[in-house]
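The values are calculated or read from the model by the stated rules, or taken from the named source; none is laboratory data. None of the values given here were measured: they were computed from a predicted structure. A quick note on method: Cβ atoms are made from the backbone with ideal geometry, for glycine too, and the neighbour counts reach across all protein chains shown.
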Amino acid sequence: MKNPIKRIQKIAEYAKKNDFVKVLEVLNALEFKELTFKEESDLMCAKEKVFNVLRYDFKRALCTGKIIEKMKVDILLKMKEENIEEAKQLIKNATLRRYVLDFQSKNLVLKNLPSIQQTFTNLIELFEKVKYFYSRFPKDWNLQGDFIFYSILHIKEILFGAYIGKWTNEEYISALRSIINFERKCTKYHFKKDCCTEKLTDDFEKNDKTIKLEEKVPDEKKHKLATQIVKYNGKCPHVSKNMIIFEKDQILTKHRNVKTNFIVLYHKNNKSLSDFCKHKKMLSFLLLPDIEIFITNLFEPINKIKICFKTHEMHLIKSFVDFFGQIGLILAQVQHFEDSKAYKLFLESFDSFLIEFLDCIQISQKYKDLLILLNTLNFIEHTTNDLIEKTSKFLTFQPTSKTKLRSLEKKTCQGIEKCLKLQFKHYVKEKTNFSSQMCNLLNKEVFSLDRIEIDESIFIFLTETLLSFQFNRIINLSMNPKQAEILIMEVVEVKSFIANSLKKVPLVDLMVNYLKIFICTIEDPANFVECFNHLNQDIFSFQNIVDALEDTSKNDKLLAEYKKQQNKLVKYEGPV
């Protein structure tokens, strides 16, 4: 661009002739051009003249209901910040007033609580027109959100003034479902950026005109305002969430212009501010006092679940899978409120129904049925813990069903141990060369089960149970070094087999340590006792070890040496 001055002088002329194509062309050309001080000054003056033309054009379009062209909006965004803000407020106030009044005039259908669904239908239909009209404006203006916001305030005033507490249970449930669906779909347009997140800063200057909310209500006559708004020039105040949530909501309903002046400073370490504002759920919050009606209704499908122990899904009793499936759907509804009372009612109902289901369980005597039951109980425990964890930030809850669950787990494990003991006696007959028989039994009763559908902890329990039977058998054997070596080899063989299926092999190391004690010769009592102390780990009794020796000729010397070393150890450690 050889002569910026001439191009700048042409801008105002183009604007007067409504040749906005040329205006935008010149502004685009000058946007990244290095200009002299005089050229910059002339450009600012030209922009001011363009803005005056745009402002008149916008007013005329808004009065006649015409669409503001996208090109003019693009030109506006190249003006000074104060000009952009002035035009934004002009467009926002005029169009918002028109559309909100349009909604209010069409909202005569809201004559009773059940008709709120039709109100939302009307609102969403109008919202589509609003989105089209505002589509040419910058997204960060969020004009669609403002329309939603003030429309919700209008609905809220009607609900609060006319229908609070005046409904049947059916009307309440139907209306609340409609409100939840609407809030999930539409309120995000406004509340994702605005409202309680209007300003975020670490601190502010002492002369910053920021308002602070005082906690005291001035007097009953001003109860609608709920707080007194005062100028605050001190340090950044710590304002609680509950205080903001309640007080700002009341202020917003008092006068529509207060919203733009309402600023609250937050500490930097506050949580995600998109989750901070609860005005996006102001309609559903109105109905919270009777939330028990809604939650009771949510649990009605649970009553239709029939307990059937013969129907399984993924090695679980299907009735409990269905039960928790419904609980998940209910929780998704309850989570919308983010309210401790709602969560408490939900968890109490869940706990009560779970106890009823657990009371229906009958302990079978069949191994496969017991395994499925134990897997189901494990599933119930983990899912319940996850459920309580999800609600832990709202309240602390201890389910009474846990006691019943523990009792059933104990009886089920006892039944499984009884079944496995019979199998162990039948399949593992060798007392010393047992590894082959034990591996076959483990493969048949444990590792042939579905590794995906059955929890890992159950495999560990079954393996540990069978190994404990073998350990008990070993403990009852008379031991000598040669036999101990043979048994260690057998145990290691079993361990290698188990390690192919389990990351952690239970009980085997304990068995090996026990057997290693007997490898030491009893001809040297001091060495034998030292070996025992090293491998014992405060688990075995030295008397039992001595009683298990095949050669009992040195028992008295061994016991005497053990007592001697224990006395030295006590003397060395000193009094506690």
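Conditions tested, residue by residue: (1) in contact (Cβ under 8 Å) with a residue 40 or more places away in the chain; (2) among the hydroxyl-bearing types (S, T, Y).
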{"position": "I460", "(1), (2)": "yes, no"}
{"position": "T463", "(1), (2)": "yes, yes"}
{"position": "L467", "(1), (2)": "yes, no"}
{"position": "F497", "(1), (2)": "yes, no"}
{"position": "D509", "(1), (2)": "no, no"}
{"position": "F528", "(1), (2)": "no, no"}
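Going through region 22-63 one residue at a time, which ones are of a type in the set (V, I, T) and assigned to a helix (DSSP H, G or I)? Can you show your working first?
Taking region 22-63 as the starting set, the residues that turn out to be of a type in the set (V, I, T) are 23, 26, 36, 50, 53.
Hits for region 22-63 are V23, V26, V50, V53.
Those residues that are over 26 Å from V26 (Cα atoms) and among the hydrophobic types (A, V, I, L, M, F, W, C), I need them from region 48-101; list them, please.
L62, C63, A94, L96, V100, L101
Name the single residue that is surrounded by the fewest Cβ atoms within 10 Å (Cβ to Cβ) among those in region 526-552 being in a loop (DSSP other than H, G, I, E, B) and within 56 Å of the chain's Cα centre (by Cα). If you could, list the steps in order and put the result at the bottom.
To start, the set of residues in region 526-552 that are in a loop (DSSP other than H, G, I, E, B) comprises 537-541, 548, 550-552.
Filter once more, so that each one left must be within 56 Å of the chain's Cα centre (by Cα): 537-541.
Values: Q537: 10, D538: 5, I539: 9, F540: 17, S541: 9.
Result: D538.
With respect to K341, is the statement that it is closer than 30 Å to S178 by Cα, assigned to a helix (DSSP H, G or I) and either outside the structural domain of I302 (by TED's automatic domain parsing) or among the charged types (D, E, K, R) (or both) true? Even if it seems obvious, please write down each step before you answer.
Working: closer than 30 Å to S178 by Cα: yes; assigned to a helix (DSSP H, G or I): yes; either outside the structural domain of I302 (by TED's automatic domain parsing) or among the charged types (D, E, K, R) (or both): yes.
Against the criterion (closer than 30 Å to S178 by Cα, assigned to a helix (DSSP H, G or I) and either outside the structural domain of I302 (by TED's automatic domain parsing) or among the charged types (D, E, K, R) (or both)), K341 qualifies.
Name every residue in region 10-54 that is over 54 Å from the mean Cα position of the chain (by Cα) and either small (G, A, S) or not assigned by TED's automatic domain parsing to the domain that holds M71 (or both), in order of residue number.
A12, A15, S41, A46
Just to be sure, is S240 more than 20 Å from H336 (Cβ to Cβ), within 23 Å of the chain's Cα centre (by Cα), exposed (fewer than 13 other Cβ atoms within 10 Å of the Cβ) and at pLDDT below 70?
Details: more than 20 Å from H336 (Cβ to Cβ): yes; within 23 Å of the chain's Cα centre (by Cα): yes; exposed (fewer than 13 other Cβ atoms within 10 Å of the Cβ): yes; at pLDDT below 70: yes.
Judged against the criteria, S240 is a match.
How about region 64-83: which of its residues are of a type in the set (A, V, I, L, M, F, W, C), in contact with a helix residue (DSSP H, G or I) (Cβ under 6 Å, 6 or more places away or on another chain) and either in a loop (DSSP other than H, G, I, E, B) or buried (at least 17 other Cβ atoms within 10 Å of the Cβ) (or both)?
Residues of region 64-83 of a type in the set (A, V, I, L, M, F, W, C): 67-68, 71, 73, 75-77, 79.
Right, trim to in contact with a helix residue (DSSP H, G or I) (Cβ under 6 Å, 6 or more places away or on another chain) and you get 68, 71, 75-76, 79.
The answer is I68, I75, L76, M79.
Is at least one residue of region 449-464 at pLDDT 95 or above, within 30 Å of G328 (Cα to Cα), of a type in the set (S, T, Y) and surrounded by fewer than 16 Cβ atoms within 10 Å (Cβ to Cβ)?
no
Would you point out the residue of region 476-488, among those that are in contact (Cβ under 8 Å) with a residue 40 or more places away in the chain and of a type in the set (A, V, I, L, M), that is surrounded by the most Cβ atoms within 10 Å (Cβ to Cβ)?
Within region 476-488, the match that is surrounded by the most Cβ atoms within 10 Å (Cβ to Cβ) is L487.
For K111, only one of the following conditions fails: (1) within 25 Å of F160 (Cβ to Cβ); (2) part of a helix (DSSP H, G or I). What is its number?
(2)
Restricting the search to region 103-157, which residues are more than 30 Å from M71 (Cα to Cα) and of a type in the set (F, W, Y)? Working first, answer last.
Initially, region 103-157 is screened for residues more than 30 Å from M71 (Cα to Cα), giving 104-122, 152-157.
Matches in region 103-157: F120 only.
Residues in region 313-323: is at least one surrounded by fewer than 19 Cβ atoms within 10 Å (Cβ to Cβ), touching a residue at least 40 places away in the same chain (Cβ under 8 Å) and in a loop (DSSP other than H, G, I, E, B)?
Scanning region 313-323, I find at least one residue that is surrounded by fewer than 19 Cβ atoms within 10 Å (Cβ to Cβ), touching a residue at least 40 places away in the same chain (Cβ under 8 Å) and in a loop (DSSP other than H, G, I, E, B), so the answer is yes.
Could you tell me whether region 506-524 includes any residue that is surrounded by 13 or more Cβ atoms within 10 Å (Cβ to Cβ), over 54 Å from the mean Cα position of the chain (by Cα), in a helix (DSSP H, G or I) and in the same structural domain as S478 (by TED's automatic domain parsing)? Let's see the steps before the verdict.
Going through region 506-524, the residues surrounded by 13 or more Cβ atoms within 10 Å (Cβ to Cβ) turn out to be 506-508, 510-522, 524.
With the extra rule that they be over 54 Å from the mean Cα position of the chain (by Cα), the set shrinks to 518-522, 524.
Next cut, in a helix (DSSP H, G or I) only: none.
No - not one qualifying residue is present in region 506-524.
Please pick out the residue among K88, K92 that is in contact with a Leu (Cβ under 8 Å, 6 or more places away or on another chain), surrounded by 13 or more Cβ atoms within 10 Å (Cβ to Cβ) and among the basic types (K, R). Even if it seems obvious, please write down each step before you answer.
Numbers: K88 fails: in contact with a Leu (Cβ under 8 Å, 6 or more places away or on another chain).
On inspection, the qualifying residue turns out to be K92.
Look at region 367-385 and say how many of its residues are among the charged types (D, E, K, R) and free of Cβ contacts under 8 Å to residues at least 12 places away in the same chain. Can you show your working first?
Filtering region 367-385 for residues among the charged types (D, E, K, R) gives 368-369, 381.
Add one more test, that the residue is free of Cβ contacts under 8 Å to residues at least 12 places away in the same chain, and what stays is 368.
Of the residues in that region, 1 qualify.
Please identify the pairs in which a residue from region 22-43 that is under 22 Å from K72 (Cα atoms) and without any contact (Cβ under 8 Å) to a residue 60 or more places away in the chain has its Cβ atom under 6 Å from the Cβ atom of a residue that is basic (K, R) and in a helix (DSSP H, G or I), counting only partners at least 6 apart or on another chain.
V26/R7
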